[in-house]
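Asks: Could you have a look at this structure, given as structure tokens, before my questions?
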Amino acid sequence: MSRRTSQDAIPDTREERASYLNAGQGLGSWLLTHDHKRIALLYLISITFFFAVAGCAAALIRADLLTPEADLLSNEGYNRAFSLHGIIMVWFFLIPSIPNVFGNFLIPLMIGARDVAFPRLNLASWYIFMAGGLLTLAIVVMGGVDTGWTFYTPYSSTYSNAYVIGALAAVFISGFSSILTGLNFIVTVHKCRAPGMTWGRLPLFVWSHYATSVIFVLATPVLSITLLLVALERIFGVGIFDPALGGDPLLFQHLFWFYSHPAVYIMVLPAMGVVTELITAAAHKRVFGYWFIAGSSIAIAVIGFLVWGHHMFVAGQSPYASAVFSFLSIVVAVPSAIKVYNWTATLHKGEILLDGPFLFALAFIGLFVVGGLTGLMLAMLAIDVHVHDTYFVVAHFHYIMVGGTVSAFFGALHYWWPKITGRLHSDLWSRVSAILIFGGFNMTFFPQFLLGYEGMPRRYHVYDPSFQVLNVMSSVGASILGLGYLLPLTYLLWSLRYGKPAGPNPWGATGLEWSVASPPPKHNFETIPLVATGPYRYPLEADAPDEGEGEKEAERV
Amino acid sequence: MSPSIELWPPMASEYAGRVDLLIASFGALVALLSAPVFILMAFFAVRYRRGRRADRSHREDRNVWVEVSWSLIPFVLVLGFFVWSTKMFLDQRSPPENALTLTVVAKQWMWKFQHPEGAREIDELHVPAGRPVRLTMTSQDVIHSLYVPALRIKQDVLPDTYSQLWFIADRPGVYALRCAEYCGTDHSEMIGRFIVQRPEDYARWLARSGTDEGLAERGGKLFVKLGCSGCHGPASPVRAPSLAGLYGSVVPLEGGRVVRADEQYLHDSIMLPNKDVAAGYKPIMPPFGNLIGEEEVSQLVAWIKSQADAGRAQP
Ligand SMILES: [Cu+2]
Ligand SMILES: [Cu+2]
């Protein structure tokens, strides 16, 4: 039925001219735009670029780990490769990925606004982000940094002789972009909702971005200050973290994880919001437990601030503090579990379309569940003492951040692509790439759980030959995963030219973003909509579908 | 190590077996908790595929009781494991009194071990089987982490701080020992061998490694050589506290605080004497932080500890 609606609604030329893509031509109209949709595209292009750079570093790492000896890279080179991979993936891809692309594009459309609250600030955030990103690239060209993305002291503050200051500055700068984006989203959600768009009617995507924004605003400054302190120690020898100067190296870890644990939720909450939308749209059914899902986003954001010590069970913090952090880490798993169970219940009695976006959502859920449950294992003190700082941890957080967030990112890209570009993409190929990514991912990272339990520490360039078989499996999986990531690039770009026009609502989904043309007009809504119902107004009673099903669905749209 | 694939790491202690049991049982629980999700999702996706006939009446979009039960039941089950694992962890933090104490100094990129009898080794750690062993560890530079997979334990090793690790290795054999905390260029080559020997073999090994000088005696010699005795010695012209009986006593500090003189306090008194100044004395002791390494400090500490029973002479 989606195809039919699309044919009914091929945009006429007048509408076409009014779309945000056509309002203003030339590079200048993009680089100086205040339109949240165009800024979202600027982010999309730039983070895709950073994803590719960090992906190349990952490819180098996996190629090097094919053998237990140091052959492809030197020890120095390897340390630089994983540091670069981590820093760029975390700060220049994962953290901005969903919020800055899809949050930017969709939040105003979803709440019935013409733009975010501060459009100019929004553009400024992108420039700040790019400044940080380009500085990082400059550092790479100059020779890179070897501290890992965690910048542990006193290695980073005293011992490393790489370009630590430059890397610190790059991350410091990009932090402002996060803070400003978070601020912008919070004010937008508070102030720019269309009449009738009450808090209880917000799509859950918006709730999860609201929760994320709170973390952006509260956690990022702590990171910025911490990095500044490392720089002070490194440049002026002020004793803060280096015990030889009278400092305390554990202080750094406390401050760093006080930001970086919540940052994990910055990466995963928006993904959860995406998956909620994808699941209800595919199931054509109201989401199960709206308030539980919305509330769990807020709960995650709040409790997420209280668990940082689970990164330090063997670092030398008090064992009783460790016990408390272990307990709180179990508590923070509850809201995540609530979401997963609610997604499952949403599928019950749905009318599920097994399309590409849905498969990406399933991939997210499957991988996130594995990542989350192994996280629970890591929260257990006696288990963590063994597997901390091994490949078990590497596998765990890749399941969450790559398996989870990146799958959701691709799901979002496929689901909203018709809205963003006005074109339909190939459903067959999107399903193929979802399956490829899911399979390749598991093959890459599952062996790493075993490697970790067997005792292979992370950041090991030279390793015991008994680990080779699993490492080779992982590297083979990574090449499949790489293919899975490259594939969408081809058919999505292809669709720009050859894809059928999408029409306003190709999925037959609810939500204000689907009520406007695809691509949306420059100012989103000609008249601001009046919202009278909650989100996901799929019928509560559905009959067993019969021959007339097509008609009925068309009516609902 | 053989180049073949090992699916389960070797075990050198009874504790390692307990960790394996914990993770296996907990793994079973989480599999149980997640199985419904995987099974139901697949089942629903097939059963309620769009266009397929199925009973879709009485759809629900909320149910508080269901929500509460699927939040609380898993939580309570997991709490049982929390208690189990936390107890194991806390036990693993309190070494028995009679433990054999070895000192460990980590530096980029090697491990140095000292036995109380004086034997010293690099990147190899010999321990007697069946006897509690306590490692007192510190780093000469950045943070490292001593990890013995066969014992299922690790502990970060920090500069200027003593951290501890204890275990009873009961299965003689040769196992891997690795640095688990990233520490710079050759981090992955900061590895060694952990050798568990039957007590008689260990005794023989100690004898063979040929030192007639224990750790404390070596410390005593240093105490003279570095000029410590010039101030701290009984006939010294300078007013400095006697170190006999210091270890384990309660020391009043300048400014009113008191501390217990443990290994960390002795370490800091030597390396950074101005951090805590003993009450009633002038802060004239020179800092030795830049003059001696952590190994020497551990020898001095061992010597001061050996004087613990001498009874504290009051100045
Ligand atoms: Cu964390
Ligand atoms: Cu290391």
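Asks: Give me the angle, in degrees from 0 to 90, between the Cα long axis of helix B:14-47 and the longest principal axis of the Cα atoms of chain B, rounded to the nearest 10.
Replies: Long axis of B:14-47 versus the principal axis of chain B: about 30 degrees.
Asks: Quick one: with all protein chains in place, what share of the accessible area of the protein assembly as shown is carbon or sulfur, to the nearest percent (1.4 Å probe)?
Replies: 66 percent
Asks: I'd like the Karplus ³J(HN,Hα) series for the range B:87-92: coefficients 6.51, -1.76, 1.60, θ = phi - 60°, whole numbers in Hz, and an x wherever there's a Gly or Pro.
Replies: 5, 4, 5, 5, 4, 6
Asks: Further, regarding this structure: Taking the Cα of B:R131, stepping 7 Å toward and past its beta carbon, and measuring to each backbone N in the range B:203-234: which are under 17 Å?
Replies: From the range B:203-234, the list is B:203-216.
Asks: In the neighborhood of A:Y155, defined by Cβ-to-Cβ distances under 10 Å, what is the net charge if each Lys or Arg adds +1 and each Asp or Glu adds -1?
Replies: -4
Asks: Using the Cβ atoms and a cut-off under 12 Å, what net charge is assigned to the surroundings of A:D242, where Lys and Arg are +1 and Asp and Glu are -1?
Replies: Counting the neighbours of A:D242, the net charge comes to -3.
Asks: Using the Cα centre of the range B:215-313 as origin and beta-carbon charges of +1 (Lys, Arg) and -1 (Asp, Glu), tell me which of B:P241, B:F223, B:W303 is placed farthest towards the positive end of the dipole.
Replies: B:P241
Asks: When ligands, DNA and RNA are left out and all protein chains stay put, how many square angstrom of accessible area per residue does chain A have with a 1.4 Å probe?
Replies: 32 Å²
Asks: Another question, then. Rounded to the nearest 20 Debye, what is the dipole magnitude of the range A:7-122 about its Cα centre when Lys and Arg each give +1 and Asp and Glu each give -1 at the C-beta?
Replies: 420 debye
Asks: A follow-up question, please. Each residue of the range B:98-109 in order: what ³J(HN,Hα) in whole Hz does its phi give by Karplus 6.51 cos²θ - 1.76 cosθ + 1.60, θ = phi - 60°, with x for Gly and Pro?
Replies: 7, 5, 6, 9, 10, 10, 10, 10, 9, 8, 4, 10
Asks: May I pose another question? Which stretch or stretches of the range A:383-418 have amide N atoms under 20 Å from the point lying 7 Å from B:L77's Cα along the Cα→Cβ direction?
Replies: Within reach of a label on B:L77, which here means backbone N under 20 Å from a point 7 Å along Cα→Cβ, the range A:383-418 contributes A:383.
Asks: Please give the contour-minus-distance gain from A:A124 to A:S515: 0.36 nm per residue of separation, less the Cα-Cα distance, rounded to one decimal in nm.
Replies: Difference between extended and current length: 137.8 nm.
Asks: How big is the charge dipole of chain B about its Cα centre, in debye rounded to the nearest 20, if each Lys and Arg gets +1 on its Cβ and each Asp and Glu gets -1 on its Cβ?
Replies: Dipole about the Cα centre, nearest 20: 1180 debye.
Asks: Something else now. Compute the helix-to-body angle for A:249-283: its Cα long axis versus the longest principal axis of chain A, expressed 0 to 90° and rounded to tens.
Replies: With both axes taken from Cα atoms, the answer is about 20 degrees.
Asks: Turning to a different aspect of this structure: With the contact rule set at Cα under 8 Å and sequence spacing of 6 or more, what percent relative contact order holds for the range B:215-313?
Replies: Value for the range B:215-313: 39 percent.
Asks: For A:Y498 and A:T198, compute 0.36 nm times the residue count separating them, minus their Cα-Cα distance, and round to one decimal in nm.
Replies: 104.0 nm
Asks: Which value, in debye to the nearest 20, describes the size of the charge dipole of the protein assembly as shown about its Cα centre when Lys and Arg Cβ atoms bear +1, Asp and Glu Cβ atoms bear -1, and nothing else is charged?
Replies: 1840 debye
Asks: How many partner chain Cβ atoms sit within 10 Å of a residue's Cβ in peptide A:77-90, on average, as a whole number?
Replies: Counting other chains' Cβ atoms within 10 Å and averaging over A:77-90 gives 1.
Asks: Express in Å², to the nearest 10, the accessible area of A:I528 obtained by rolling a 1.4 Å probe over the protein heavy atoms while all chains stay in place.
Replies: The value for A:I528 is about 70 Å².
Asks: What percent does the relative contact order of chain A come to when contacts are Cα pairs within less than 8 Å and at least six residues apart?
Replies: Averaging sequence separation for qualifying contacts and normalising by length gives 20 percent for chain A.
Asks: Express in whole angstrom the spacing between the alpha-carbon centres of the range A:131-153 and the range A:297-331.
Replies: Going from one Cα centre to the other spans 29 Å.
Asks: Going 7 Å from the Cα of A:H34 in the Cα-to-Cβ direction, what parts of the range A:165-180 have a backbone nitrogen less than 19 Å from that spot?
Replies: Residues passing the 19 Å test: A:180.
Asks: Between B:L226 and B:F43, what FRET efficiency follows from the Cβ-Cβ distance if R0 is 56 Å, with the result rounded to 0.05?
Replies: 0.15
Asks: List every residue whose amide H lies under 5 Å from the amide H of A:T390, counting only residues 5 or more places away in sequence or on a different chain, with H placed 1.01 Å from N in the peptide plane.
Replies: A:R458
Asks: Past 32 Å, Cα to Cα, is the threshold; run B:K87/B:K275; A:K37/A:K349; B:K282/B:K305; B:K87/B:K221; A:K349/A:K522; B:K112/B:K305 against it and keep the listed order.
Replies: B:K87/B:K275; A:K37/A:K349; B:K87/B:K221; A:K349/A:K522
Asks: Would you please give the FRET efficiency between A:L530 and A:V476, computed as 1/(1 + (r/R0)^6) with r the Cβ-Cβ distance and R0 = 56 Å, to the nearest 0.05?
Replies: For R0 = 56 Å, the calculated efficiency reads 0.50.
Asks: Then there is this: Taking only DSSP H segments of four or more residues, each worth -39500 (n - 2.57), what value at 222 nm results for the protein assembly as shown once the sum is divided by all its residues, to the nearest 500 deg cm²/dmol?
Replies: -18000 deg cm²/dmol
Asks: Provide the FRET efficiency to the nearest 0.05 for the A:L486-B:N274 pair, computing r from the beta carbons and using R0 = 45 Å.
Replies: 0.15
Asks: Of B:A45, B:A99, B:A240, which has the largest mean-square fluctuation in a 10 Å C-alpha GNM of chain B?
Replies: Per the Cα network of chain B with a 10 Å cutoff, B:A45 tops the list.
Asks: Can I ask one more? Name the residues of the range B:267-293 whose accessible area, probed at 1.4 Å, falls by at least 10 Å² once all protein chains are in place instead of their chain on its own?
Replies: The answer is B:L272 - residues whose exposure falls by at least 10 Å² when every protein chain is included.
Asks: What residue among A:G112, A:V274, A:L180 has its Cα farthest toward the positive end of the dipole of the range A:13-556, where the charges are +1 on Lys, Arg and -1 on Asp, Glu, each on the Cβ?
Replies: In the range A:13-556, that residue is A:G112.
Asks: I would also like to ask the following. Suppose we compare each residue of the range A:116-159 in its chain alone and in the full protein complex with a 1.4 Å probe; which ones drop by at least 30 Å² of accessible area?
Replies: Buried by 30 Å² or more upon assembly, which counts only protein chains, are A:Y152, A:P154, A:Y155, A:Y159.
Asks: Still on this structure, please answer the following. If I model a spin label as a point 7 Å beyond the Cα along the Cα-Cβ vector, how far apart are those points for A:L354 and B:R52 in nm?
Replies: 0.7 nm
Asks: Given the options A:L134, B:P172, A:G511, identify the residue whose Cα lies farthest towards the positive end of the charge dipole of the protein assembly as shown (+1 on Cβ of Lys, Arg; -1 on Cβ of Asp, Glu).
Replies: Result: A:G511, furthest along the dipole toward the positive end.
Asks: If you take the accessible area of B alone plus A alone and subtract the pair, what total do you get in square angstrom, rounded to 100, with a 1.4 Å probe?
Replies: For chain B against chain A, roughly 8100 Å² becomes buried.
Asks: Tell me the net charge near A:V394. Cut-off is 10 Å between Cβ atoms, A:V394 excluded, with +1 for each Lys or Arg and -1 for each Asp or Glu.
Replies: So the environment of A:V394 carries a net charge of +1.
Asks: Let me ask you something else. For the range A:138-147, just list the computed ³J(HN,Hα) in residue order, Karplus coefficients 6.51, -1.76 and 1.60, θ = phi - 60°, integers in Hz, with x standing in for Gly and Pro.
Replies: Working through the residues one at a time gives 4, 4, 4, 5, 6, x, x, 9, 10, 9 Hz.
Asks: Using a 7 Å offset from the Cα along the Cα-to-Cβ direction at both A:V324 and A:F236, what is the distance between the two label points in nm, to one decimal?
Replies: Here the modelled spin labels are 3.3 nm apart.
The values are calculated or read from the model by the stated rules, or taken from the named source; none is laboratory data. Computed from a prediction, not measured in an experiment: that's the story for all the values here. All Cβ positions, glycine included, derive from the backbone under ideal geometry; neighbour counts span all protein chains shown. Accessible surface areas use protein heavy atoms only, side chains included; no ligands, DNA or RNA. Shrake-Rupley method; radii C 1.70, N 1.55, O 1.52, S 1.80 Å.
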